[in-house]
Amino acid sequence: ILGALVSVIIIWVMTGILVYAAFHRLMNDEIHIDADIMIITAGAGVGVNIVLGKILHQAGHGHSHGHSHGHSHGDSKNINVRAAFIHVIGDFVQSIGVLIAAYVIKYVPKAKIVDPICTFVFSFIVMLTTVSILRDTVVVLMEGVPRNLDYNAVKKDLQSIEGVITAHSLHLWSLTTSTCALAVHLTIDPSTSNQKVLIAAAKLMREKYDIYNSTIQVEEHQPTLSANCEECQRP
């Protein structure tokens, strides 16, 4: 996770430097460009990034068919490969921008302003491609609720289990980008089997929400305690 975050930060820093340099050249009219050198350099960059992108894509795709439930190590590797792939895509897009600008300048020498303009446009595209990686890494690091889970839906499903009266103190948090954990207290009717409810709740979380890391506490419903419990009264 930290590796993916660092990779995104490096992309943003590099993009910021490029944008600053392009803005400086534009404001000071310091656009001195050798189109041939630009074409050779950008062309080499495009070729290298295509090779790297293919290697990383195959690595990520091959790993996705590994373990069906994905352990934290595998998921960490997967997001790092994804971040590295996004990094390569960013470099590829920048190289394409430079290549386009180089060809325009080569055949229309007076259009040197195209270079900083392409830098602005393609830098914006690169920033957009990294937003999802940054969001996913921050959610995991902050132990936020996974984006693919609806807190209220999970609570409603738990309360729909036969014998369950209320579900309270429900907590959902991300362990990795594809693995989350759950902790909840279930108050049940005294005539209901604790073990039966526990098994049903764990099975529901596994089969419907793919949650295998769960801590479920089952307790008999006591009206007096429930009436004075703030957690129990929350919607």
**Report entry** Residue order for M205, M14, M142, M127 - accessible surface, 1.4 angstrom probe, largest first
**Finding:** M142, M14, M127, M205
Query raised in the report: Leaving out ligands, DNA and RNA but keeping every protein chain, what accessible area does R147 have, in Å² rounded to the nearest 10, with a 1.4 Å probe?
Result: 150
Query - Accessible surface of the chain [probe 1.4 Å, protein heavy atoms]: carbon and sulfur percent - result: 63
**Report entry** Helical segments meeting 15 Å axial Cα length and Kyte-Doolittle 1.6 threshold in the chain (DSSP H)
**Finding:** 2-28, 114-141
Query - Given (1) 22.7, 82; (2) 17.8, 64; (3) 26.3, 86, the label whose value is Rg and Dmax of the Cα atoms in Å derived from this model - result: (3)
**Report entry** Compactness index (Cα Rg / 2.2 N^0.38 Å), region 87-195
**Finding:** 1.97
Report summary line: region 89-235 accessible area per residue, 1.4 Å probe, protein heavy atoms, integer Å², reads 56
Query raised in the report: Is it possible to state the helix-based mean residue ellipticity at 222 nm for the chain, with each DSSP H run of 4+ residues giving -39500 (n - 2.57), the sum divided by total residues, to the nearest 500 deg cm²/dmol? What is it?
Result: -22500 deg cm²/dmol
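The values are calculated or read from the model by the stated rules, or taken from the named source; none is laboratory data. In this text, all values refer to a predicted model and were calculated from it rather than measured experimentally. Accessible surface is based on the protein model in full, side chains and every heavy atom, while ligands, DNA and RNA are left aside. Shrake-Rupley method; radii C 1.70, N 1.55, O 1.52, S 1.80 Å.
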